Amino acid sequence: MAAMEMDSVECVSSVEDEEMQSAASHTNQHAHPHQYSSKPHGLVASVLAPTSVHELLECPVCTNSMYPPIHQCHNGHTLCSTCKSRVHNRCPTCRQELGDIRCLALEKVAESLELPCKYFSLGCSEIFPYYSKLKHEAVCNFRPYSCPYAGSECSVTGDIPYLVAHLRDDHKVDMHTGCTFNHRYVKSNPREVENATWMLTVFHCFGQYFCLHFEAFQLGMAPVYMAFLRFMGDETEARNYSYSLEVGANGRKLIWEGTPRSVRDSHRKVRDSHDGLIIQRNMALFFSGGDRKELKLRVTGRIWKEQQNPDGGVCIPNLCS
Ligand SMILES: [Zn+2]
Ligand SMILES: [Zn+2]
Ligand SMILES: [Zn+2]
Ligand SMILES: [Zn+2]
């Protein structure tokens with residue numbers, strides 16, 4: 001990935017009637033009322049007290065849940081296969097040689113367990129056999145979202161109110177309230193289009209948050225500019241909204257109308273599927289007016305709510321495949 005070029009792109013908002021609204025009112029929302037209860041629900045086991053079975057299946061080294069093959073040392077200390085490969089054949093608990101002993105009994109106990117999804121404190125009420133729990137948790141609708149900030153490897157995760165505060169405070173992202181926008185993207189030397197020039201702005205309307213991305217990247221031989229919207233929430237909810245983007249000058253304009261993509265899809269994935277307003281550089285310079293030395297694009301747009309669509313099927317275009 002090419003380096004960021006934050007400094008060279010300026011984003012000038014000219015939305016007079018939109019007030020910068022503090023998102024401070026949301027900072028408390030990620031303090032969830034229910035904490036992880038010490039009493040696991042839905043345990044279908046056994047002679048042992050449920051908590052202790054659960055604790056037995058926690059790797060004493062990394063504290064993750066253990067999945068087959070579960071290993072043990074000659075003294076019976078267990079550990080997970082990831083940790084086993086890291087400890088150079090020494091039991092981390094008793095320092096004896098580890099050997100290669102499977103702990104089949106514990107694997108069998110695990111098989112008989114049913115456990116709640118680990119996101120149950122975030123609202124998921126589903127219960128799974130131990131070995132299919134991981135698979136569900138990877139796609140659970142209640143799992144935390146990744147930070148939608150593009151162009152950096154930000155590892156922050158959380159719920160939407162938390163991420164909105166994170167974008168504002170840590171990434172210094174512009175926040176706007178309202179369902180229309182009018183942005184100017186200015187770049188003084190458009191000849192130097194590198195792969196990852198980009199801007200992110202967050203919009204707050206209909207009680208939801210949307211990320212407006214503006215990027216410059218190389219498409220084959222030609223540099224292009226692209227604008228698209230992502231919905232801060234799940235794909236099923238994203239389908240309730242539509243948006244339009246317009247850019248133009250001198251009696252010509254390009255209009256894009258689409259459905260915002262969920263931030264569950266990485267910005268990279270959305271970009272590579274060309275699911276947004278794409279402006280060829282020559283056209284972008286034409287729209288900029290003047291001597292074509294400076295990129296000055298005015299992108300206007302609108303977000304609106306669709307009527308509920310009862311048969312709303314998944315329909316995500318991938319125009320470049
Ligand atoms: Zn481990
Ligand atoms: Zn040991
Ligand atoms: Zn779940
Ligand atoms: Zn981040």
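The values are calculated or read from the model by the stated rules, or taken from the named source; none is laboratory data. All figures in this text were calculated on a predicted structure; none of them were measured in a lab. A quick note on method: Cβ atoms are made from the backbone with ideal geometry, for glycine too, and the neighbour counts reach across all protein chains shown.
Which residues, taken from the stretch 59-92, are on the phi > 0 side of the Ramachandran plot and more than 10 Å from ligand 2 (Cβ to nearest atom)? Before you say what the answer is, go through the steps one by one.
Taking the stretch 59-92 first, the residues on the phi > 0 side of the Ramachandran plot are 63, 76, 88-89.
Within the stretch 59-92, 63, 88, 89 meet the criteria.
Could you tell me whether residue 155 is surrounded by fewer than 18 Cβ atoms within 10 Å (Cβ to Cβ), touching a residue at least 24 places away in the same chain (Cβ under 8 Å) and away from ligand 3 (no atom under 16 Å from the Cβ)? So that I can check it myself, show each step before the final result.
Details: surrounded by fewer than 18 Cβ atoms within 10 Å (Cβ to Cβ): yes; touching a residue at least 24 places away in the same chain (Cβ under 8 Å): no; away from ligand 3 (no atom under 16 Å from the Cβ): yes.
The answer is no for residue 155.
Could you list, in sequence order, the residues of the stretch 97-130 that are of a type in the set (D, E, K, R) and surrounded by fewer than 17 Cβ atoms within 10 Å (Cβ to Cβ)? Spell out the reasoning first.
So in the stretch 97-130, the residues of a type in the set (D, E, K, R) come out as 97, 100, 102, 107-108, 111, 114, 118, 126.
Result: 97, 100, 102, 108, 111, 114, 126.
Of the conditions (1) closer than 26 Å to residue 158 by Cα; (2) crowded, with 19+ Cβ neighbours inside 10 Å, residue 242 fails just one. Which one is it?
Among (1) closer than 26 Å to residue 158 by Cα; (2) crowded, with 19+ Cβ neighbours inside 10 Å, residue 242 violates only (2).
Only one of (1) at pLDDT 90 or above; (2) over 30 Å from residue 203 (Cβ atoms); (3) among the small types (Gly, Ala, Ser) is not met by residue 112, so which one is it?
Exception for residue 112: condition (1).
Report, by residue number, each residue of the stretch 108-150 that is within 7 Å of ligand 3 (Cβ to nearest atom), among the charged types (D, E, K, R) and in a helix (DSSP H, G or I).
137
Could you tell me whether the stretch 281-290 includes any residue that is in contact (Cβ under 8 Å) with a residue 40 or more places away in the chain, over 19 Å from residue 232 (Cα atoms) and among the hydroxyl-bearing types (Ser, Thr, Tyr)?
Here is the first cut: in the stretch 281-290, the ones in contact (Cβ under 8 Å) with a residue 40 or more places away in the chain are 281, 284-285, 287-289.
Next, from what is left, pick out any that are over 19 Å from residue 232 (Cα atoms): 281, 284-285, 287-289.
With the extra rule that they be among the hydroxyl-bearing types (Ser, Thr, Tyr), the set shrinks to 288.
Yes, the conditions are met somewhere in the stretch 281-290.
Take the stretch 51-81 and flag every residue that is more than 23 Å from residue 128 (Cα to Cα), more than 30 Å from the chain's Cα centre (by Cα) and either of a type in the set (A, V, I, L, M, F, W, C) or within 16 Å of ligand 3 (Cβ to nearest atom) (or both).
If the condition is that a residue be more than 23 Å from residue 128 (Cα to Cα), more than 30 Å from the chain's Cα centre (by Cα) and either of a type in the set (A, V, I, L, M, F, W, C) or within 16 Å of ligand 3 (Cβ to nearest atom) (or both), then 73 is the only one that fits.
Quick check on residue 184: is it among the basic types (Lys, Arg), farther than 30 Å from residue 220 by Cβ and either touching a Cys at 6+ places or on another chain (Cβ under 9 Å) or within 16 Å of ligand 2 (Cβ to nearest atom) (or both)?
Working: among the basic types (Lys, Arg): yes; farther than 30 Å from residue 220 by Cβ: no; either touching a Cys at 6+ places or on another chain (Cβ under 9 Å) or within 16 Å of ligand 2 (Cβ to nearest atom) (or both): yes.
Considered against the rule, which asks whether it is among the basic types (Lys, Arg), farther than 30 Å from residue 220 by Cβ and either touching a Cys at 6+ places or on another chain (Cβ under 9 Å) or within 16 Å of ligand 2 (Cβ to nearest atom) (or both), residue 184 comes out as no.
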